Structure formats: C-alpha cells, structure tokens
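Engineer: Below you'll find the structure I mean.
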Amino acid sequence: MEKFKQVQEVIASVEADVAKFYDGGNAAAGTRVRKAMQDLKNLAQAIRAEVTEKKNSAK
C-alpha cells in the first residue's frame with residue numbers, strides 16, 4: 001500500500017509540470033514530466049511484483 005501512496009504523491013507533484021509543458025510549451029517541464037513517468041513505471045512494476053507475490057503466497 002505504501003508504494004501506491006508514492007504513486008499518488010508522484011502524480012500530485014508532477015501535475016504543475018504537465019500543465020507547464022502542454023499549455024506553456026516549457027521544455028524543462030517536459031523533462032521533469034518524463035522523469036516522473038519513469039518513476040511511475042518503476043513504482044508500478046514494483047507494485048505488480050508485490051501483488052503477484054502476495055497472491056501466489058496465499059495459495
């Protein structure tokens with residue numbers, strides 16, 4: 001559950017940069033968005049592994 005909260009925090013923290021990039025064309029904000037998306041990908045993969053492990057250990 002902790003990793004899911006981290007996902008929510010990353011999304012909340014990158015929200016302003018997404019607006020700056022898409023609405024304002026700020027290239028530096030785009031770089032920050034790409035980094036945040038990579039962090040989200042890694043967190044999502046960790047959550048998937050955790051869920052699979054918990055699911056399989058319950059059998």
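The values are calculated or read from the model by the stated rules, or taken from the named source; none is laboratory data. These numbers were taken from a predicted model, which means no experiment stands behind them. We place every Cβ from the backbone using ideal geometry, glycine too, and count neighbours over all the protein chains shown. Just the protein is used for accessible areas: all its heavy atoms, side chains included, with ligands, DNA and RNA removed. Shrake-Rupley method; radii C 1.70, N 1.55, O 1.52, S 1.80 Å.
Engineer: Which far-off residues, 5 or more places away or on another chain, put their amide H under 5 Å from the one on residue 26, with H placed in the peptide plane?
Structural biologist: Those lying under 5 Å, H to H, from residue 26 are 21.
Engineer: May I ask you to compute the full-extension gain from residue 40 to residue 22, defined as 0.36 nm times their residue separation minus their alpha-carbon distance, rounded to one decimal in nm?
Structural biologist: On the way: separation 18, 0.36 × 18 = 6.48 nm, distance 1.90 nm.
Taking 0.36 nm per residue and subtracting the Cα distance, the gain is 4.6 nm.
Engineer: When ligands, DNA and RNA are left out and all protein chains stay put, how many square angstrom of accessible area per residue does the chain have with a 1.4 Å probe? Write down the numbers at each step before the final one.
Structural biologist: Numbers: 4790 Å² over 59 residues.
Per residue, the chain has an accessible area of 81 Å².
Engineer: Further question: For a bin width of 10 Å, list the pair-distance distribution of the chain built from all Cα-Cα distances, rounded to whole %.
Structural biologist: For the chain, the pair-distance distribution reads 23, 39, 23, 11, 4, 0.
Engineer: Ranked highest first by the average count of other Cβ atoms within 10 Å around their residues, in what order do 2-8, 32-38, 52-58 fall?
Structural biologist: For the peptides 2-8, 32-38, 52-58, the packing ranking is 32-38, 2-8, 52-58.
Engineer: Per-residue ellipticity at 222 nm for the chain, helices alone: DSSP H runs ≥ 4 residues times -39500 (n - 2.57), over residue total, nearest 500 deg cm²/dmol? The partial results should precede the final answer.
Structural biologist: Details: 2 runs with 54 residues, N = 59.
So the helix-based figure for the chain works out to -32500 deg cm²/dmol.
Engineer: Further question: Would you work out what percent of the accessible area of the chain, with all protein chains in place, is carbon or sulfur (probe 1.4 Å)?
Structural biologist: 56
Engineer: Still on this model: Note down the nm distance, to one decimal, between modelled labels 7 Å out along Cα→Cβ at residue 15 and at residue 55.
Structural biologist: Output for this residue pair reads 3.0 nm.
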